[in-house]
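Worksheet for the structure shown next.
The values are calculated or read from the model by the stated rules, or taken from the named source; none is laboratory data. Quick caveat, the model's predicted, so the values are computed rather than measured. Cβ placement follows ideal geometry from the backbone for every residue including glycine, while neighbour counts extend to all protein chains displayed. Areas reflect the complete protein model, heavy atoms only, side chains present, ligands, DNA and RNA absent. Shrake-Rupley method; radii C 1.70, N 1.55, O 1.52, S 1.80 Å.
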Amino acid sequence: SPHSGAERGGENPTEALLLAGAVPWDSGDAMVVELFLPTGQSPATQQGWRELLETVCQIAADYHTWDEYRLLQSERVFHSQSLSLLRRVHGRADLRRTAFEIANEGRRLVDADRLSVLVRRGTVWRLLAVSGVDRIEARADATKSLEQLADWTARWGEPLDYADQSADQSEWDDLPTELGDLVQRHVDQSHARRMVAVPLHFIHETVDEPSIRNSTNQPTAVLIAEQFQTEG
């Protein structure tokens, strides 16, 4: 209503307008904007409000058009960078160098603070590369924790997505107790605010690792991305 206010601070200082609400259609590509005016307004006043509303709608349409364009441009750049990384990875025959490049270049692509690459050798999981780390300490607690997490992720066979501020953690109810406890211990130790583990069939025909190359029934690699900072 004219000169009305809301508990959360919204106010309408005008004599006329009251509601300019935007309602999205099911199609997602159209909007309906409604304008309510008090009765008794002169034709000139009504025309003035209509022209104002048309201007506002045009500005909003232009904003969304450019916003969609920026999104498409961002996706194009991401796809280009991803394809470039894939070409470099598939062009390498050395497993450790491949893992190193995936960890360091992949971390930037997935926007993580740390990306770890783990592979299965027989029945044992080994941490091959961690972004920003030149040498892996095999006996370090962090290394053992990542290897245990990779082992359980591969057994589970589905991606794990942990977020400490997630309002809905109902998906954890379906996880084995051991896996859920392991994830919690890992994030407590690493102080990760977000952790995603993805099992993969990482097979390279030219890699001289028979235990990896010939394994096709179970995941042979796991990528673990971690975020340590809260989102701004």
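Worth a mention:
- Taking all protein chains as shown and a probe of 1.4 angstrom, TYR63 keeps an accessible surface of around 130 Å².
- Each residue, SER74 and THR177, gets one label point 7 Å from its Cα in the Cβ direction; the gap between the two is 4.3 nm.
- Loop sites in segment 80-141: GluC sites (Glu not before Pro), DSSP, at most 15 other Cβ within 10 Å: GLU137
- Prolate/oblate/rounded call for segment 111-168, Cα gyration tensor, a/c under 1.5 rounded: oblate
- Around HIS191: net Lys/Arg minus Asp/Glu count, Cβ-Cβ under 14 Å: -1
- Heavy-atom accessible surface of segment 45-119, averaged per residue, reaches 69 Å², computed with a 1.4 Å probe.
- Vicinal HN-Hα couplings computed from phi for segment 181-196 (Karplus, 6.51 cos²θ - 1.76 cosθ + 1.60; Hz; Gly/Pro x): 5, 5, 4, 5, 5, 5, 5, 5, 6, 8, 6, 6, 8, 8, 9, 10
- Within-11-Å neighbourhood charge of ASP151 [Cβ basis; K, R +1; D, E -1]: +2
- In terms of packing, defined here as the mean over residues of other Cβ atoms within 10 angstrom, the peptides 32-40, 125-133, 185-193 line up highest first as 125-133, 185-193, 32-40.
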